[in-house]
Every structure is written in C-alpha cells, then in structure tokens.
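Notes for the one structure printed next.
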C-alpha cells in the first residue's frame, strides 16, 4: 500500500444524513478494493452521546446494502471511533487530540490527517481554528480538509469563510467538494473534447450554435424545505454545479492533464463569463416556483404547501437563463442553463447544438422538394444521470424514393453493470483527496467568481416581487423559460413533457 493511504479520517457531523448515506458506504468501497487497508482509522464526532459500539453498529447498517460478509463488516467497523463533541468547546478538542494521537500510534498512520466537515458552514471557522490552536496540525504527515457546500451564501460570506480556513490550511490542502465533479460523465467531458479531434476542432463559435445545460429533478424539496426555502435553485444549483459544468465545457485545452493546469483553464473560463447588469439579468434569466400539478395520474402539492416552507414563500424552485462568454472562442454562442424541482423527469444532460450547413442543397431540388425546408441540427448530447453515455444526431437520407433528409442517432450508453461497478461520486472524490489530487475539487478563485456572477442575479431578483407559483408540478418549468430561448430563434432540445402530453398523461 502506498504511503499516502495511511490516514486518520476525522468526520465532524458523523451522525448526520450525509455521513450515513454517502461517506461510510464510500469508505467501505475503498476498503473493499484495498485502497485503504488496515492502516486507517475514523473518528466520528457530533453532539449525540454515542459509544464506540453504537457508532460501529450504525456504520455496519449504512454498508449493509453493499452485502459485506459478517467478518468483513466487523473488521471494517472496528476502525471507527466516536467522540461526543461540541465544536465550540475547547476542552473537547483536547480530548480529540488525545484520541487522534493514540490512533495514529496504534495504526501507524505517520501523522496523516484528513478532516471532513460534514456540518453547517457556520462552524467551519471555529473548527479549523481549534484544530490549529490545540496542536492537531503539528503532526509530521499531511493535513487536508474536505469542505461541503454551500461555501458561503454570497461572495462576501464566502470570502470571510475562506479567510478563516486559509488562516489554518493552505489552498492546496483545502478540498471544496462538489459531488457533480465526481460523476463519471462529468469527468468524461474532457475525454470527449480533448481525445476526439472531430469535436475539439469544432468546439468554438464557428461551428457551435448554442450549448444547453439541463439539471432537472422530478422530486420536490422533500425534507429539505427549511434549508431550501433560505437558499433556492440559484444558490443551490447554479452557483456550483451549473457553473462548474459550464467551465469544463468552455475552458481552453490545458497544457497538461494535471490539477493545476485544469484549474487554471477553468478559472479563465469563469472569468470570461459576462457579469450582467441589473437590466441584463431581467433580459437573460427567468425564475419559477412550482404549483400543484398532476403527472401520470399522480398528484403533487405546490411548493408553498411543502413541510417547513412558508405559505407565501417567494423562493425560486426553477431557474433558466443564458450566459454569455466574452472570449475569442465563444463570442456569440449562448450557454443556456435550466434547473428546477418537480420537473417532468429527473435528468442531467448537456446538448451541444451545431450550426446548420451554409446551404441546404436538398430544398433546392425542384423535382423532389424536401418535406421540411429546414434541416434538423446536429446535436451532441452528453447524458450524466440517471443514464450515462452520449449520442450524436446526424442527417441521413430517408429510405425510399427521393432525397428527403432523415435524422439518425448514433447512441452509446454505459451498461447497467458498468454503472453499478463504477465508483460512486463521493468514493471517487475521497480517493482523490487521499492522493492529494484536487482536479475534481473547486479552487477558491472558481468559488469567488461563481458568487460574483450569481450575486448580481440574486440582487436584481430581490428588488422585484415574483408572480409565484408560475409552473405546474410535473412540467418543464414556466412558459418564460421557453420564451427566453425562442426569442433567440432556438428551442430546448430536451422536452420530456411532450411525450407525456401526447399520451394524455400531462395537461
């Protein structure tokens, strides 16, 4: 086993939903594969007064779906230790350091420490300050910290949070997690672009008409109503996931496929995204909130009727907009984004829409006029979830007499078996952090610029009372989202609601 995989994980928020649903199963997968072996330990801390024994039983329950043998589960769980902990109480860090030093010696971890902050960002500053003041950064090995989103609630709060953390950890030791960057097909964007000259040679404004990024959820806010009502779709999805995907699509080819070079190009791409004026925000962005609706004979409540949501809430559950990138490669190419809750289908997909051929030869045939005067556009679709793969739509000739063009699709999807066996996003990202690879984490400069872009949208919207709710649950958002793209002469490539309407399952 390599030296850097000897490590002590300390998880703040160890009793929470994220730890149980994502972190423990991901650690077990790494353990099962041998990426972490016998020389690792986990300290779980939270306010609940659990014992080591109870904590280990919880850990075993969280990995039960992965069907470990009894011996395997016992062996894995034996590496877990629990400490009841108030993050604001200095004395608790004294106890935590004692346990840390004991486990470091017991498992021969060489002082390697990885801290995972899986709790409210309000506590991030006080936690890292105590880690330093109580001597928990004094070991000879590496010290890294993984931080969950949201990283601030606007640029100013993010800046303050970053200053608190960088007072203890250097930028190269900070791993700001965006789980979308751990998804197989997000990482495949670079392969599709840079390993295929057919695409990279055309990846510019000479050949691309527009780009569409869709992150659709069919669920409502579920039990997250209290959090979501203070956040909304703009901060919850656009500031992080959407802009991260956009930066991967828009960036220039890196000089080398390394974390430093990739981050450098992503930052340049985000810096080229136009920061709108208030007037431009209203011209280029729309928002929505779902009303009650019926899809496929299932009734859904309105957002304002969801648990822990204000009855007169003006929080947006949907955002659609157009980003403009002011550089030589992308000038004039709109990047349309669309994300929301209670939409028709769950799906994350990217559509790269190529320009039409300069002349449609087929409509010029007098004896055999083309049925449709306008050729269908070539579209490269990257499917991220729930299915993984990509497709390319081309125009061929319709079978039979004449020369009527007919769209055909070259389609590839990863098999269910391949998807099942591929690393889950959190597993992949934890493994990257263990190896000191920050390629798929967000740099402060990316976070800062994302907030600058989003803050002006938020501020413009906050000055106007929205007419909510404005789209029915089960549809693909308000009419304004369709008008936004149609006024530019385009349309959304992905319209799953049409399928349901054609069958009478959606009004």
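Could you work out the pair-distance distribution P(r) of the range 100-174 from its alpha-carbon pairs, with 5 angstrom bin width and percents rounded to whole numbers?
3, 15, 26, 24, 15, 9, 5, 2, 1
Is the range 209-360 rounded, prolate or oblate when judged by the Cα gyration tensor, a ≥ b ≥ c being the square roots of its eigenvalues, rounded requiring a/c under 1.5 and prolate requiring a/b larger than b/c?
Details: a/c = 2.10, a/b = 1.77, b/c = 1.19.
Judged from the Cα gyration tensor, the range 209-360 comes out prolate (a/c at least 1.5, a/b above b/c).
Answer rounded, prolate or oblate for the range 258-327, using the Cα gyration tensor with square roots of eigenvalues a ≥ b ≥ c: rounded when a/c is under 1.5, else prolate when a/b is larger than b/c, else oblate.
Details: a/c = 2.92, a/b = 2.08, b/c = 1.41.
Since a/c reaches 1.5 and a/b is larger than b/c, the shape of the range 258-327 is classed as prolate.
Would you mind classifying the range 396-501 by shape? Square roots of the alpha carbon gyration tensor eigenvalues, ordered a ≥ b ≥ c; an a/c under 1.5 is rounded, otherwise it is prolate if a/b is larger than b/c and oblate if not. Write out the running numbers ahead of the final one.
Details: a/c = 2.19, a/b = 1.13, b/c = 1.93.
The shape class here is oblate.
Ranked from highest to lowest mean number of other Cβ atoms within 10 Å per residue, what is the order of the peptides 219-226, 382-389? Show your work: numbers first, answer last.
On the way: 219-226: 15.4, 382-389: 18.0.
Peptide ranking by packing, descending: 382-389, 219-226.
Where the centre of each part is set by its Cα atoms, how far does the range 11-69 sit from the range 125-192, in angstrom?
Centre-to-centre (Cα) distance: 21 Å.
Of the peptides 486-497, 288-299, how do they stack up when ordered by the mean number of other Cβ atoms within 10 Å, highest first?
Values: 486-497: 14.9, 288-299: 17.5.
So the order, starting with the most tightly packed, is 288-299, 486-497.
In which sequence would 502, 280 go, from the one with the fewest C-beta neighbours within 10 Å to the one with the most? Provide the component values of the computation, followed by the final result.
Working: 502 9, 280 16.
With the fewest neighbours first, 502, 280 line up as 502, 280.
Of 324, 279, 6, how do they rank once you tally other Cβ atoms within 10 Å and put the fewest first? Kindly include the intermediate steps, with their values, before the conclusion.
Details: 324 16, 279 9, 6 22.
If I rank by nearby Cβ atoms, fewest first, I get 279, 324, 6.
So how tilted is helix 124-133 from the main axis of the chain? Cα-based, degrees 0 to 90, rounded to 10.
Here the helix axis deviates by roughly 30 degrees.
What spacing in nm lies between the two simple spin-label points modelled at residue 72 and residue 230, each 7 Å away from Cα in the Cβ direction?
Taking the simple label geometry, residue 72 and residue 230 are separated by 4.1 nm.
Rounded to the nearest 10 degrees, what's the angle between the helix 52-62 long axis and the longest principal axis of the chain, both from Cα atoms, 0 to 90?
Tilt relative to the chain: about 20 degrees.
Given the peptides 60-68, 310-318, 335-343, 431-439, arrange them by the average over their residues of other C-beta atoms within 10 Å, most packed first.
Values: 60-68: 14.1, 310-318: 19.2, 335-343: 24.9, 431-439: 17.7.
Highest to lowest by the protection proxy: 335-343, 310-318, 431-439, 60-68.
How high is the relative contact order of the range 376-507? Use alpha-carbon pairs under 8 Å, at least six apart in sequence, and give a whole percent.
On the way: 90 pairs, mean separation 14.4, N = 132.
Reported relative contact order: 11 percent.
Pairs of Cα atoms under 8 Å, at least six residues apart: use those to get the relative contact order of the chain, whole percent.
Contact order relative to length: 17 percent.
Going by C-beta contacts inside 10 Å, put 282, 443 in order with the fewest on the left.
Details: 282 15, 443 21.
Fewest to most other Cβ atoms nearby, the residues stand as 282, 443.
Counting DSSP beta bridges in the chain, what percent are antiparallel, to the nearest 5?
Working: 43 of 75 bridges.
The answer is about 55 percent antiparallel.
Please compute the Kirkwood hydrodynamic radius of the range 97-239 from all pairs of different C-alpha atoms, in Å with one decimal.
Numbers: mean 1/r = 0.0531 Å⁻¹.
About 18.8 Å, per the Kirkwood formula over Cα pairs.
Once both axes come from the Cα atoms, what is the angle between helix 155-166 and the longest principal axis of the chain, in degrees from 0 to 90, rounded to 10?
40 degrees
For the chain, count all C-alpha to C-alpha pairs, find those more than 42 Å apart, and express that count as a whole percent of the total. Kindly include the intermediate steps, with their values, before the conclusion.
Working: 31013 of 128271 pairs.
Beyond 42 Å sits 24 percent of the P(r) for the chain.
Using 1/(1 + (r/R0)^6) with R0 = 45 angstrom and r between the beta carbons of residue 399 and residue 507, what's the FRET efficiency to the nearest 0.05? Walk me through the intermediate numbers first.
On the way: r = 36 Å, r/R0 = 0.81.
Computed FRET efficiency for residue 399 and residue 507 comes out at 0.80.
Report relative contact order for the range 3-148 in percent, whole number only (criteria: Cα-Cα under 8 Å, sequence separation at least 6). Please list the in-between numbers first.
Numbers: 218 pairs, mean separation 46.9, N = 146.
This gives 32 percent for the range 3-148.
Quick note: the coordinates plus some simple rules give every number you see, no bench work behind them. Since this is a predicted model, take the numbers as computed values, not measurements. A quick note on method: Cβ atoms are made from the backbone with ideal geometry, for glycine too, and the neighbour counts reach across all protein chains shown.
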